[in-house]
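Quick notes on the structure that follows.
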Amino acid sequence: MTATVTSADGTSIAFDSTGAGAPVILIGGAVNDRTTVAGLATVLGEAGFRAVAYDRRGRGDSGDAPAYSVAREVEDLAALISHVGGSAALFGHSSGAILALEAASQGLPVTKVAVYEPPFVVVESRPRPGDDLVTRVRDLVSADDRSGAVELFLTEGVGAPPKQIAGMKASPVWAWFTALAHTLPYDLEICGPGNHLPVDRLAKIDAPVLGIGGGNGEAWIRAAAEAVAAVVPNGRYETLEGQDHGVLHHPESLRDLLSGFFR
């Protein structure tokens, strides 16, 4: 059954809990809500954890505020952690992985952090998004050009090729993306201008960190997960063979790796 907690600014955050045991909060990335991580929540719940899948602000059944800041999303996690017992492990996917790292770097009571392919740009082969990308995407959303906002985000922010975007536009997923287009600036703010690796902030993380990259995915984002594990004081990296950035469609593939780490 879906429940809610109230964040520091009064925003209601909706979440589902699966299983019993040590709590693990699951954080989705761009154009995702709690349904995206629901399959992984089931897997971890069956493995003996209390898996918490939540709607980040502005998505699903959660509320929002007139002005956005990354600090508010960290406060949302603080409210969830308090609700589940005062400390929790975090799993983050894509930009949700960066949010998990940010929460840990700010001293939230986080026991462990697993991050799957945080989209930092650490190799020269992947062009950096423009520093003003968040402004351009926000302007398109304000002009009610949601499709244009999604296309710009995928083209420059993600590096998706035109043929792939054309395929998305012709499929039902495009309507899902455009419905959540207003949250794309949130994810871009979390990534930061140019998607630089925030070495100084990552160095503040005390909790153990597991960086994960998909063996079938793109080398640049796998390199980002490796870089995070190398920078944090207590990090390690693992390649999940046979998977790419769409790993949440195959949650069973994460069972052994995450269960072993979180235990």
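The values are calculated or read from the model by the stated rules, or taken from the named source; none is laboratory data. This one's a predicted model, so the numbers in the text were calculated from it and none came from an experiment. All Cβ positions, even for glycine, are placed from backbone atoms using ideal geometry, and neighbour counts span all protein chains on display. Just the protein is used for accessible areas: all its heavy atoms, side chains included, with ligands, DNA and RNA removed. Shrake-Rupley method; radii C 1.70, N 1.55, O 1.52, S 1.80 Å.
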### Task
Would you be able to say whether some residue in the range 23-30 is in contact (Cβ under 8 Å) with a residue 24 or more places away in the chain, assigned to a strand (DSSP E or B), touching a Phe, Trp or Tyr at 6+ places or on another chain (Cβ under 6 Å) and open to solvent by 10 Å² or more (accessible area, probe 1.4 Å)?
no
## Note on the structure
Checked the range 1-22 for anything among the β-branched types (V, I, T), in contact with a strand residue (DSSP E or B) (Cβ under 8 Å, 6 or more places away or on another chain) and in a loop (DSSP other than H, G, I, E, B); matches are T2
### Message
With the requirement that a residue be open to solvent by less than 30 Å² (accessible area, probe 1.4 Å) and farther than 19 Å from V74 by Cα, what does the range 178-198 give you?
### Response
T178, L180, A181, G194
### Query
So which of L197, L152, L202, L240 is at pLDDT 95 or above and farther than 21 Å from F91 by Cα?
L152
### Query
With respect to G159, is the statement that it is surrounded by 13 or more Cβ atoms within 10 Å (Cβ to Cβ) and within 19 Å of the chain's Cα centre (by Cα) true?
yes
### Query
Residues in the range 138-151: is at least one more than 14 Å from the chain's Cα centre (by Cα) and more than 21 Å from R59 (Cα to Cα)?
no
### Query
Just one of the numbered conditions (1) over 29 Å from E46 (Cβ atoms); (2) out of contact with any Ser or Thr (no Cβ under 8 Å at 6 or more places or on another chain) is not true of E241; which one?
(1)
